[in-house]
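Here is the structure we will look at, set down as C-alpha cells.
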Amino acid sequence: MANYAIRRLFISLMTLLAASAVIFALIEILPGDPARIMLGMNASEEAIRSLQEQMGLNQPLFMRYFSWLFGMLTGDFGRSYTYAVPVADLIRERVVVSLPLAVLSLVLSTAIAIPIGIFTASRRGRPADTAIMGATQLGIALPNFWLALLLVYVFAISLRLVPAGGFAGWETGTWTALKSLLLPAFALALPQAAILARITRSSLIETLAEDYIRTARAKGLSPAQVLYRHALRNAFIPVVTILGLQFAFLLAGTIIIENVFYLPGLGRLVFQSITQRDLIVVEGVVVLLVATVILINFLVDCSYALIDPRLAADR
Amino acid sequence: MTLWRSALLALTLVLGSASAHAARSDLVLGVVLEPPHLDPTAGAAAAIDEIVYANVFEGLTRIGANGEVLPALAESWDISDDGRVYTFKLHGKVLFHDGTTFDGEDVKFSLDRARDAKSVNAQKVLFEGIENVEIVDPLTVRITLKQPDGDFLYNMGWGDAVIVAPETAATNKERPVGTGPFKFGNWAKGSQITLLRNTAYWGSQPALEKATFRIIPDPAAATAALLAGDVQAFPVFPSYETVPQFQTDPRFKVVIGTTEGETVLGMNNAKPPFDALKVRQAIAHAIDRKALIDGTMFGFGTPIGSFFPPHHAAYTDLTAKSAYDPELAKKLLAEAGHPQGFKTTLKLPPPVYARRGGEIIAAQLAAIGIEAQIVPLEWAQWLDQVFKGKDYDLTIVSHTEPNDLNIFARDDYYFNYNNPAFKELIKTIAATSDQAQRAELYREAQTVLADDMPAAFLFQLPKTGIWDAGVEGLWENGPIQANDLTNVRWTD
C-alpha cells in the first residue's frame, strides 16, 4: 500500500510540474499588454513604458518562468499586476469562499444522490424508479446557471429567505455566511447529484446481478444485508471515480456560479484576472486548481486500494 | 394649556425627532466593474473614479452634476491677463484622512508627480501644458502654463488630477487617503468596498454614514439584487432590457440621463476604400440610427451627428447630415467606384453596444452591398490590434472621456484621420478662454467632423440609473464617470 501511494505521489508531482510549464507558456502567449490595459485609451507611450518596468514585464520569458516556479515552492506566488498585492494573499481571501462552496455542493450532491441511487436500484423497474430516473434526466439537462436564476427568483426575490447573491463574509457569523452559500451550492449540486444518482443506480444493479450476490441470497441473507454488506462496497468503485471527476467539474462550475451569484471566490478571481490580463494571478490560481485536481485524483487512486485491496497488490 | 395638551405636544416632539433619527444613513450601491485599485492618479479604469471621485479624493476644482467646473480644494482663483498664470487660493483647515494638514506643498507634490518622467498617470496629457508650480504661501499656489489653456480649470477637476499627500501617495492603491467627505473603510476583494463618513471633513457633512459599493458584474444578478433589496441603488444599471420592468414598479425610481460616451463606427481613414470621403459618407447614410438604438439599447440613447455630447451648451444637432438614406448611400458608393459594394471587416470589443450594435450595422451595410465580416475581440486584443496597431477596417467603440473632441486632431490616433484645418481649430479652442467664443468654435469643429465623416457617429450612451424610491441626490447624468455621494440621502 505504502509503495503504491509513493508511486502515485511521484507521478502526481511530475504531472504538476509539466502542467505549470504548459500553463505559463499558454498564458504568456495570450495577446494583450497588461500595462496598456491598465492605462487605457488616453495613455502616453512613456507612461506605459514606466508601468511595464514597474511590473517587471521587460524581463525575458524563461527568467520569469523560473523565478515564478521557485517562488511558488516557497509559497510566494508573485504580486498581482492590477491589485499590487501578493497573489498568495488574494488566493487566501478567495479560498475561504470557493472551498466551502465546493465542499458543500459535493456533500449535498452525495447526500442526495447515494440514497436515491440505492433506493431506485432496489426498486428497479417499479413506478417510483421510473419517476425518479425521469427527474434525474431533467436534472442532467438543466444548465446550472439557469437553475441558479430560478432558485434566486423563488428563494431570494419572492420568498426573501436568502440574499440574491454576494458573500457576507465569515466574520458576520457562520450561519449568515453559510446562508449566502446555500443557493449557489444547490445550483451546483443538483445537476451533479442527478449524474451521481444514475451512476450509483446502474453500478448497483450490475453488482446485484453478480453470482456471489445470488450465493449470498441463497445462504439466506436478508435483502438489506445483501445490499449493504455485499453489494454496496463493490458498487462504489465507479461511484468514487465519478465523484473525483465531479470535483474538477465543480471547480469549473464555480467560475460560472460565482459570477451569477457575485461571490468573491477563485472562479471570479480567474475570470476577472483574464479580462484584466493580470496574468500572474491567472497562472497562480490555475496552478492551484490543477494541483487540487491532481490531489483529488491521487486520493481517488488511494481510495480504490482501500475499497479493493487487490488493486494495490496488482500494480 | 392643559396638561393633556402639553403632554401630547411633548409626545409629538419626541416621536418627531425619533423618526428623524430613524432615517436610514447607509446605502448599498451596485457597480458592474471592480476597480483594479483605488488610486485615480495611477490608472484609467473608470471603476476607480466611480468609487473615490468626490467621495474620498478631491482636486483643486471638481466637476459638478451637469459638467460645470466648481471650486473644491481651491476656494477661488485668479487668471492673469495673458491666460498663462493661475493663482489658486486654497481652503484652510483641510485635513487628510490620516490627520495630516493639507496645504500648497501637497498641491505641488501631486501635480509634479503626475507630470514626472516616471509618472504612470493615465491622463498625463492633462498636465503637459504646465510649466511650473510654485508655492507662494502655504495656502496660495501659482501655476504657470506653457501657453494659455481654456480647459485648464476643467482638467484640474478630473479624477486623475486629485490632490494626494506625499506620505500616503505610495499606498493609495490599497488604502486611499484623501481629503473628501468619506474616508476609506474596507475592501473585501471581489465583493465590496465600504466608505465611512469623514467626521473631520472641512465642508458640510454628508447625510450618509456608510456607503457600500457592491460589485455585481452579471446583468441578471444585478436585476435580482435590486429586486431582492440587497442593493438599493444601481447608478449605471447594466441590463437595458430589464429597465422597463423597474419603470412600472413603484418601489423604484428610474432615471435615464446622458453621459460623455459618444459611440462611433470608427473607420480606418488611411486604408482604401475608407480614404475616400464618398465611401465614408455612404456608410454613414446606410445606418438607421433609430433601428440601431432600439435594437441595441432597447431605445435608450440619443442619436448624434457629430462627436459632441447633446447635453453640452455648445451642442448643435447635425444628424441630418448623415440621415438614413440607403438609396443615396448606394449612389455615393457607385460614384466612389464600388457599384457592387465591397468586402470588409468589423472588429468588435466586448461591450453590448458594440457586439449587438455590430450585428445590426453589418445587416444595414449589407443592404447597400457592403459585406462586413464580424470579428469579436477581447478588450486586450482590441487595444492591441485596433487601438494601438491600427490594424482594422471598421470598429465600434464608445469614447467615454469628457471633452475629447481633440482626439480627431491627434497624430497617430487609431482613426488615422489627418485634417490640418481641424488641428488648427482645436489649437485655437484650447487657447481661447472666452466662453461665447469657445462655443462658436466648438460648433464649427462639430460641423467639420459631420462633413468630413472620419467616423460614422451613432449615439450617445445613456446613463440608466435605478434606485430605491426613497433615495435622492444621486446624479442623473454622467458628465464624468463618478458616483458623487455628497448630497445623497434617504427621504423616508
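Restricting attention to segment B:417-457, which residues are assigned to a loop (DSSP other than H, G, I, E, B) and hydroxyl-bearing (Ser, Thr, Tyr)? Reasoning before the result, please.
Start the filter on segment B:417-457 by keeping residues that are assigned to a loop (DSSP other than H, G, I, E, B), which leaves B:417-419, B:432-434, B:453-454.
Hits for segment B:417-457 are B:Tyr417, B:Thr432, B:Ser433.
Do you know which of the residues in segment B:335-356 that are closer than 26 Å to B:Gly299 by Cβ and hydrophobic (A, V, I, L, M, F, W, C) is modelled with the lowest pLDDT?
Top of the filtered list is B:Val352.
Please go through segment A:255-277 and give me each residue that is under 19 Å from B:Ala188 (Cα atoms), more than 7 Å from chain B (Cβ to nearest Cβ) and modelled with pLDDT under 85, ordered by number.
Residue satisfying the conditions is A:Ile255 alone.
Would you be able to say whether some residue in segment A:275-294 is free of Cβ contacts under 8 Å to residues at least 60 places away in the same chain and over 30 Å from B:Pro350 (Cα atoms)?
First, pick out the residues of segment A:275-294 that are free of Cβ contacts under 8 Å to residues at least 60 places away in the same chain: A:275, A:289, A:292-293.
Among the residues that remain, those that are also over 30 Å from B:Pro350 (Cα atoms) are: A:292-293.
Yes, because at least one residue in segment A:275-294 is free of Cβ contacts under 8 Å to residues at least 60 places away in the same chain and over 30 Å from B:Pro350 (Cα atoms).
Would you check which residues across segment B:194-218 are within 14 Å of chain A (Cβ to nearest Cβ) and closer than 18 Å to B:Asn483 by Cα and list them?
Pass one, segment B:194-218, residues within 14 Å of chain A (Cβ to nearest Cβ): B:194, B:212-218.
Scanning segment B:194-218 gives B:Thr194, B:Thr212, B:Phe213, B:Arg214, B:Ile215, B:Ile216, B:Pro217.
What about A:Ala121, is it of a type in the set (Gly, Ala, Ser) and free of Cβ contacts under 8 Å to residues at least 40 places away in the same chain?
Details: of a type in the set (Gly, Ala, Ser): yes; free of Cβ contacts under 8 Å to residues at least 40 places away in the same chain: no.
Against the criterion (of a type in the set (Gly, Ala, Ser) and free of Cβ contacts under 8 Å to residues at least 40 places away in the same chain), A:Ala121 does not qualify.
Which members of segment A:96-108 meet the condition of being within 12 Å of chain B (Cβ to nearest Cβ) and either touching a strand residue (DSSP E or B) at 6+ places or on another chain (Cβ under 7 Å) or loosely packed, with under 15 Cβ neighbours inside 10 Å (or both)?
Applying the first criterion (within 12 Å of chain B (Cβ to nearest Cβ)) to segment A:96-108 yields A:96-98.
The answer is none; no residue qualifies.
Is it the case that B:Asp160 is free of Cβ contacts under 8 Å to residues at least 12 places away in the same chain, within 14 Å of chain A (Cβ to nearest Cβ) and not hydrophobic (A, V, I, L, M, F, W, C)? Outline the logic, then answer.
Numbers: free of Cβ contacts under 8 Å to residues at least 12 places away in the same chain: no; within 14 Å of chain A (Cβ to nearest Cβ): yes; not hydrophobic (A, V, I, L, M, F, W, C): yes.
It is false that B:Asp160 is free of Cβ contacts under 8 Å to residues at least 12 places away in the same chain, within 14 Å of chain A (Cβ to nearest Cβ) and not hydrophobic (A, V, I, L, M, F, W, C).
Has segment B:106-118 got any residue that is in contact with a strand residue (DSSP E or B) (Cβ under 9 Å, 6 or more places away or on another chain), within 14 Å of another protein chain (Cβ to nearest Cβ) and either of a type in the set (Asp, Glu) or open to solvent by 20 Å² or more (accessible area, probe 1.4 Å) (or both)?
yes
Hey, does segment B:354-361 have a residue that's open to solvent by 30 Å² or more (accessible area, probe 1.4 Å) and not in a helix (DSSP H, G or I)? Working first, answer last.
At the first step, the residues of segment B:354-361 found to be open to solvent by 30 Å² or more (accessible area, probe 1.4 Å) are B:355-356, B:359-360.
Of the ones still in play, those that are also not in a helix (DSSP H, G or I) are none.
No, there is no match, as no residue in segment B:354-361 is open to solvent by 30 Å² or more (accessible area, probe 1.4 Å) and not in a helix (DSSP H, G or I).
Here is a yes/no grid of residues against (1) open to solvent by 10 Å² or more (accessible area, probe 1.4 Å); (2) modelled with pLDDT under 95; (3) within 21 Å of the chain's Cα centre (by Cα); (4) assigned by TED's automatic domain parsing to the domain that holds B:Thr140:
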| residue | (1), (2), (3), (4) |
| --- | --- |
| B:Thr41 | yes, yes, yes, no |
| B:Val52 | no, no, yes, yes |
| B:Gly59 | no, no, yes, yes |
| B:Ala65 | yes, yes, yes, yes |
| B:Val69 | yes, yes, yes, yes |
| B:Ala74 | no, no, no, yes |
| B:Lys89 | yes, no, no, yes |
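Name the one entry in B:Gly229, B:Gly257, B:Gly203 that is of a type outside the set (Ser, Thr, Tyr) and on the phi > 0 side of the Ramachandran plot. Let's see the steps before the verdict.
Working: B:Gly257 fails: on the phi > 0 side of the Ramachandran plot; B:Gly203 fails: on the phi > 0 side of the Ramachandran plot.
Answer to the selection: B:Gly229.
Which of the following residues is assigned to a loop (DSSP other than H, G, I, E, B) and either modelled with pLDDT of 95 or more or of a type outside the set (A, V, I, L, M, F, W, C) (or both): B:Gly465, B:Gly369? Talk me through it step by step, then tell me what you get.
Numbers: B:Gly465 fails: assigned to a loop (DSSP other than H, G, I, E, B).
After applying the criteria, what remains is B:Gly369.
Within segment A:186-225, which residues are among the acidic types (Asp, Glu) and either open to solvent by less than 20 Å² (accessible area, probe 1.4 Å) or part of a helix (DSSP H, G or I) (or both)? First the steps, then the outcome.
Filtering segment A:186-225 down to residues among the acidic types (Asp, Glu) leaves A:206, A:210-211.
A:Glu206, A:Asp211 - these are the residues of segment A:186-225 that are among the acidic types (Asp, Glu) and either open to solvent by less than 20 Å² (accessible area, probe 1.4 Å) or part of a helix (DSSP H, G or I) (or both).
Please state which of the following conditions A:Ile307 fails to meet, knowing it meets all the rest: (1) within 22 Å of B:Leu33 (Cβ to Cβ); (2) open to solvent by 10 Å² or more (accessible area, probe 1.4 Å); (3) touching a residue at least 12 places away in the same chain (Cβ under 8 Å).
Condition not satisfied by A:Ile307: (1).
Can you confirm whether B:Tyr315 is away from chain A (no Cβ under 14 Å), modelled with pLDDT under 95 and part of a helix (DSSP H, G or I)?
Judged against the criteria, B:Tyr315 is not a match.
Take segment B:80-106 and flag every residue that is of a type outside the set (Phe, Trp, Tyr), under 21 Å from B:Gln147 (Cβ atoms) and outside any loop (DSSP other than H, G, I, E, B). If you could, list the steps in order and put the result at the bottom.
Our first condition is that a residue be of a type outside the set (Phe, Trp, Tyr); within segment B:80-106, this holds for B:80-85, B:87, B:89-95, B:97-101, B:103-106.
Those still in the list that are under 21 Å from B:Gln147 (Cβ atoms) too: B:80-85, B:87.
B:Val85, B:Thr87 - these are the residues of segment B:80-106 that are of a type outside the set (Phe, Trp, Tyr), under 21 Å from B:Gln147 (Cβ atoms) and outside any loop (DSSP other than H, G, I, E, B).
The values are calculated or read from the model by the stated rules, or taken from the named source; none is laboratory data. What you see is a predicted model; the values in this text were computed from it and never measured. Ideal geometry is used to build each Cβ from the backbone, glycine not excepted, and the neighbour counts take in all protein chains shown. The area values use the complete protein model at the heavy-atom level, side chains included, leaving out ligands, DNA and RNA. Shrake-Rupley method; radii C 1.70, N 1.55, O 1.52, S 1.80 Å.
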